[in-house]
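Colleague: First, the structure itself, so that you have it in front of you.
The values are calculated or read from the model by the stated rules, or taken from the named source; none is laboratory data. For clarity, every value in this text was computed on a predicted model and none was experimentally measured. Cβ atoms come from the backbone with ideal geometry, glycine included; neighbour counts cover every protein chain shown. Each accessible area value is taken on the protein alone, full model and side chains, heavy atoms only, with ligands, DNA and RNA left out. Shrake-Rupley method; radii C 1.70, N 1.55, O 1.52, S 1.80 Å.
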Amino acid sequence: MIAANTLAGATTREQILQVARELIQTRSYLGFSFQDVADQVGIRKASLYHHFPTKEALGVEVLRTATQAFKDWTAAKPRAPQAALEAYFRMYRNGLRAGESVCPAGALAPGWDCIDEELRGAVRDLRGTQILWLSGVLGALSPGGRTAASAAYVFAVCQGALLAARMTGRVEDFDEAIEQLRPSLAA
C-alpha cells in the first residue's frame with residue numbers, strides 16, 4: 001500500500017496512477033480491481049471512470065508513465081557506459097524494490113492472454129525502450145558485439161532476478177543473479 005504522504009500534493013489522476021502502479025507491481029495486473037484503486041485513493045469507484053474509462057486504459061497509462069520515467073532517468077545525467085550499466089542494475093534493485101515488487105511490464109506477462117492489444121503494446125514499448133538504451137550502453141562497452149541480443153539478455157536477466165527476489169522476499173536473490181550476469185558482459 002502507498003503511504004498517504006506519498007500521495008499528498010498529487011492530483012487525483014496522479015494518485016490513481018501511483019496506486020495502480022503499486023498494485024500492478026505487487027499484486028499483478030489481474031490481481032486488483034478499480035474498487036481496490038478507489039479505496040486506496042479515497043474516492044468512489046465511479047470517480048475513476050472520470051479519469052480512466054477502463055482498467056485497460058489505466059494500465060496503458062501506468063506503462064506509458066513508466067516508459068517516460070525510464071526515458072527521463074536515462075537523460076537525467078550522462079554516464080560512462082559501465083557506470084550507466086551499474087546504474088541500471090541499481091534502478092532495478094532499488095527503484096523497482098527487488099524482493100518486494102516486480103517491474104510493471106513484467107507484472108503483466110502472467111495474464112498476457114487476458115489483456116488487450118493496446119496494453120500489450122505499452123508493455124512492448126517499455127521493453128523496447130530499455131532494450132534500445134541497453135544496446136547503446138553495451139555497444140559502447142563492446143563495439144562490434146551482438147548488442148541487441150545482449151541487451152535483450154540483460155533485460156531478461158533483470159526481469160527474472162526481480163521475479164525470483166519477489167518470490168523469496170530476498171533482495172540478495174536479485175544481487176546474486178546480477179553477479180552471475182556481470183562476467184558474461186565482460187566477454
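Colleague: If I compute solvent accessible area with a 1.4 Å probe over the protein chains, what percent of it on the chain is carbon and sulfur?
Modeller: Roughly 54 percent of what the probe reaches on the chain is carbon or sulfur.
Colleague: Note the full-extension length gain between M167 and D125 as 0.36 nm times their separation in residues minus their Cα-Cα distance, in nm to one decimal.
Modeller: Roughly 12.5 nm would be gained on extension.
Colleague: What does the C-alpha gyration tensor say about the overall shape of segment 78-136? Classify as rounded when a/c is under 1.5, otherwise prolate if a/b is larger than b/c, or oblate.
Modeller: oblate
Colleague: I131 accessible area, nearest 10 Å², 1.4 Å probe?
Modeller: Here the accessible area works out near 20 Å².
Colleague: Quick check: pseudo-label points 7 Å beyond the Cα along Cα→Cβ at E117 and R182, how many nm apart are they?
Modeller: Output for this residue pair reads 4.4 nm.
Colleague: Moving to a separate point now. Over 17 Å apart: what share of the alpha carbon pairs of segment 42-187 falls there, rounded to a whole percent?
Modeller: 64
Colleague: Would you check the accessible area of E118, probe 1.4 Å, heavy atoms only, in square angstrom rounded to 10?
Modeller: So the heavy atoms of E118 present about 100 Å² to solvent.
Colleague: Can you list the aspartates and glutamates whose alpha carbon sits under 14 Å from that of K55, skipping same-chain ones fewer than 8 residues off?
Modeller: Excluding near neighbours in sequence, the set is D36, D116, E117, E118.
Colleague: Just to confirm my numbers, what's the Cα centroid distance between segment 17-54 and segment 90-154 in Å?
Modeller: Cα centroid of segment 17-54 versus Cα centroid of segment 90-154: 24 Å apart.
Colleague: Also: Please find, in a Gaussian network model of the chain (springs between Cα atoms separated by less than 10 Å), the residue of G106, G42, G136 whose mean-square fluctuation is greatest.
Modeller: Ranking G106, G42, G136 by mean-square fluctuation puts G42 first.
Colleague: Just name one of G59, T74, Y49: the one whose Cα is farthest towards the positive end of the charge dipole of the chain (beta-carbon charges, Lys/Arg +1, Asp/Glu -1).
Modeller: It is T74.
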